[in-house]
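> Pasting a structure here, questions to come.
Values quoted throughout were computed directly from the atomic coordinates according to the rules given, and no laboratory measurement underlies them. Nothing here was measured: the structure is a model prediction, and the numbers come from that model. Don't worry about glycine lacking a Cβ; one is built from the backbone with ideal geometry, like all the others, and counts go over all protein chains shown.
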Amino acid sequence: MYCILKILNNNALLAEDSETASERILLGKGIGFGKKAGDYVDSDEKVQVYTPVVRQEQSSAMHVVNTIDPVYIEVAGKIISEAEKVFGSVNRDIILPLADHIAFAAKREQENIFLPNPFILDIKILFGKEFAVAMESRKIIQEMTGYRISDDEAGFIALHIHSGLSNEEVSDTLRTTQIIDESMLIIEKSIGSKIKKESLAYIRLMSHLYYMIVRMKTEEAVNLDLNEFVRLNYPNAGRIAEVVCRNMSLKMQKSIYPEELGFLAIHIQRMIVSAEEGK
């Protein structure tokens, strides 16, 4: 049972869970029609329930929903539902940050302001499924608001979807993506060649760097020591790996297990071979 705190529109409510006294967003066709604050509603299979999470500087969900057009909350709910069809489970706490982002994306579209996404290629590679859902979500946004967002904006939505899968803040995911991008630039500069971003070697290396950062965050060790093999067979790749690891450790403010170096160098060696074959 939920006590209505605010009618957002006919299809959206802000309510309080009677059992936990916590705020919830309820979405469902006609759920707000004829209702008023203080009324009680039941949850059934046709009603989607979301836990609104607000940033520390924001006082409450009520404060946030008062600043967002309810249609964007509905849009965010539909996008989360689409993501759940693909991934099975998505943390619904992302609804307000996602709605807020979509509202600003629509405003930029209305004002003909293009916001470039410098990590769009990285996002496509690292979070391909999330990006596919985000691209599909453009149809939802256009149908419900009249605005068609760009691929670059869809990239940012993909990060919100990833946040709902990883329980990681979007800002943290962006930071990870930036560090990976820096690492790729260091490698390309070191080998003196641009690698085709659609190549298998590039995709494998970028994926390896991502999971390398994940292991750094969780302090998980690699159970394979290839350092001596790399020193004897691929010294150049080893030196490049050392530079990448130092930069990554500095940016992450975390130490890296020594075994990561050799593991990374093997992937860099593939890049070196790929670059030489392309000349």
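> For the pair V86 and A37, what calculated FRET efficiency results from E = 1/(1 + (r/R0)^6), where r is the Cβ-Cβ distance and R0 = 35 Å, to the nearest 0.05?
0.45
> Hey, another quick one. Using each residue's phi in segment 99-113, evaluate 6.51 cos²θ - 1.76 cosθ + 1.60 at θ = phi - 60° and report the 3J(HN,Hα) Karplus result to the nearest Hz, with x for Gly and Pro.
Each residue of segment 99-113 in turn: 4, 4, 5, 4, 4, 6, 5, 5, 5, 5, 5, 4, 8, 6, 9 Hz.
> Moving to a separate point now. Would you please state which residues of segment 126-153 a label at F114 would reach in this model, taking the label point 7 Å out along Cα→Cβ and a backbone N cut-off of under 12 Å?
Residues 150-153 qualify, since their backbone N sits under 12 Å from the label point.
> To the nearest 0.05, what FRET efficiency results for F229 and K254 with a Förster distance of 25 Å applied to their C-beta separation?
0.50
> Further question: Taking the Cα centroid of segment 193-255 and of segment 117-161, what is the distance between the two, rounded to the nearest whole Å?
28 Å
> Using the per-residue mean of other Cβ atoms lying within 10 Å as a proxy for protection, in what order, highest first, do the peptides 173-184, 84-95 fall?
With the highest mean Cβ count within 10 Å placed first, the list reads 173-184, 84-95.
> I'd like to compare 7-18, 136-147, 110-121: which one has the highest average count of other Cβ atoms within 10 Å, and what's the full order after that?
With the highest mean Cβ count within 10 Å placed first, the list reads 7-18, 136-147, 110-121.
> Decide, for segment 68-167, between rounded, prolate and oblate: order the square roots of the alpha carbon gyration tensor eigenvalues as a ≥ b ≥ c, take rounded if a/c falls under 1.5, and otherwise choose prolate if a/b is larger than b/c, else oblate.
Judged from the Cα gyration tensor, segment 68-167 comes out oblate (a/c at least 1.5, b/c at or above a/b).
> Follow-up question, since we're still on this one. Scattering from the C-alpha atoms of segment 178-277 alone, worked out with Debye: what is log10 I(q)/I(0) at q = 0.15 1/Å?
With one equal scatterer per Cα and no solvent, log10 I(q)/I(0) is -0.53.
> Now a separate question. What number, rounded to the nearest 500 deg cm²/dmol, is the helix-based mean residue ellipticity at 222 nm of the chain, given -39500 (n - 2.57) per DSSP H run of at least four residues and division by all its residues?
Using -39500 (n - 2.57) per qualifying helix, the result is -19500 deg cm²/dmol.
> Please list 3J(HN,Hα) in residue order for segment 119-132, calculated via the Karplus relation 6.51 cos²θ - 1.76 cosθ + 1.60 where θ = phi - 60°; whole Hz, with x for glycine and proline.
10, 4, 5, 4, 5, 4, 7, 6, 10, x, 5, 4, 5, 4
> Which of rounded, prolate, oblate describes the chain, given a ≥ b ≥ c as roots of the alpha-carbon gyration tensor eigenvalues and a/c under 1.5 marking rounded, otherwise prolate only if a/b is larger than b/c?
prolate
> With a point put 7 Å past each Cα toward its Cβ, work out how far A132 is from S207 in nm, to one decimal.
My value for the distance between the label points is 1.3 nm.
> For labels at S171 and D151 in the simple 7 Å Cα→Cβ model, what's the distance in nm?
With each label point 7 Å from Cα toward Cβ, the separation is 3.0 nm.
> Now a separate question. Name the shape class, rounded, prolate or oblate, that the alpha-carbon gyration tensor gives for segment 47-120, where a ≥ b ≥ c are the square roots of its eigenvalues, rounded holds for a/c under 1.5, and otherwise prolate holds if a/b is larger than b/c and oblate otherwise.
oblate
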